[in-house]
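The values are calculated or read from the model by the stated rules, or taken from the named source; none is laboratory data. Worth saying up front: this structure is predicted, and the values here are computed from it rather than measured. Heads up, the Cβs are rebuilt from the backbone with ideal geometry, glycines too, and the neighbour counts pull from every protein chain shown. SASA here: full protein model, heavy atoms, side chains in, ligands and nucleic acids out. Shrake-Rupley method; radii C 1.70, N 1.55, O 1.52, S 1.80 Å.
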Amino acid sequence: MEITEALILKFFRQECTPEERAAVNKYFDDYPDELDKYLGEQGWMDFAEKLPLPAALSEQMLEVIEDHIQATPARKTFPFKPLAIAASIIIAAGIIVLIANNLRQAKTMDILHVATQQTLLKPEFDTVNNKTDRIMMVLLSDSSTVSITAKSKIIFKKVFDKGKRDVYLNGEAIFKVAKNKHWPFTVYAGSFSTTALGTSFKITAFENSDKTVIQLFTGKVVVKQVSKVNGQKHPAIYLDPGYMMEADNKTNNIKVSGFKVGDKATTSTTEGSTLFDNDLIIFKNQSLPAVVNVLKKAYHIDIAVDLHDISNKYFTGTVNSKQETPYAVLSTIARLNNLKVIKLNETYRLTAVKM
């Protein structure tokens, strides 16, 4: 039988028939120097120092060695028998190295696969922390937008889970929710959750603040208390546009403003209404020219507008003239109506956003 390089490599892979294996063994008995081509001395040393010998491979090596030891006595090969045994050991070592390397490589691939799967399964959250003194706009994966005020932070998934859209807020932000009746949009802030399907609302819930305030501009929301305060947990509260819920985080008292007119002063126009309750100004579908006039008087400021820019535009929301700055209020109104606010000295200007 002709001993070719292909046959020798087949021998190392243990793919030979019994006849081929016997022929290759005899070839290495006759030409032990040929082993240097396939396994150098350093390779054997590395194997001996670093690689433990598994039981299954030990049996394979013993089988190869025994094949060489059981040679015919009539052959005048006694002077070369030590070389034959050494050659057998080296051959077996080569087999072990090949098999062990394959096992090690397979194990490494399994580890990499598991690590990759763990990375893919890990929830991908994003955090936006507004450390500036300006309002920061964030576009979510469902096309909803969040306007984050200064010193506020939101946490959300980069891609929402199917059937729910959860956002966690610390601070103050305005949410304009993309409509999707099958995917509720819920904001967790303080001890409350605010859920909507498609609407716009504002939440103020700073970590160390005594109050949590939720204002609804459009649509409808349901506000739920997710954790007890002073051993008490309020039932769900439903808000209509133009109304707000205010919760005292220490006493857990809750107040809904604008739900009943009561003894509030009311100014009506053909477009909507403006309600006054102490420091609160509640606009319900009010025209922007009327809103601007009310804010001028409430804050004693000058607001410059181009009537062409604000005609046929309306605002629904609640303003606390004692706690909210004119710039913050006007910024909210501007964002909801595709406007921008600019302050020049003591004058505020509302202008249309150029497309």
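Tabulated data
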{"read-out": "Computed E for LYS233/THR17 - FRET, C-beta separation, R0 45 angstrom, nearest 0.05", "value": "0.05"}
{"read-out": "5 angstrom amide H check on CYS16, placed H, neighbours 5+ away", "value": "none"}
{"read-out": "Å² per residue, accessible surface of the range 275-355 at 1.4 Å", "value": "53"}
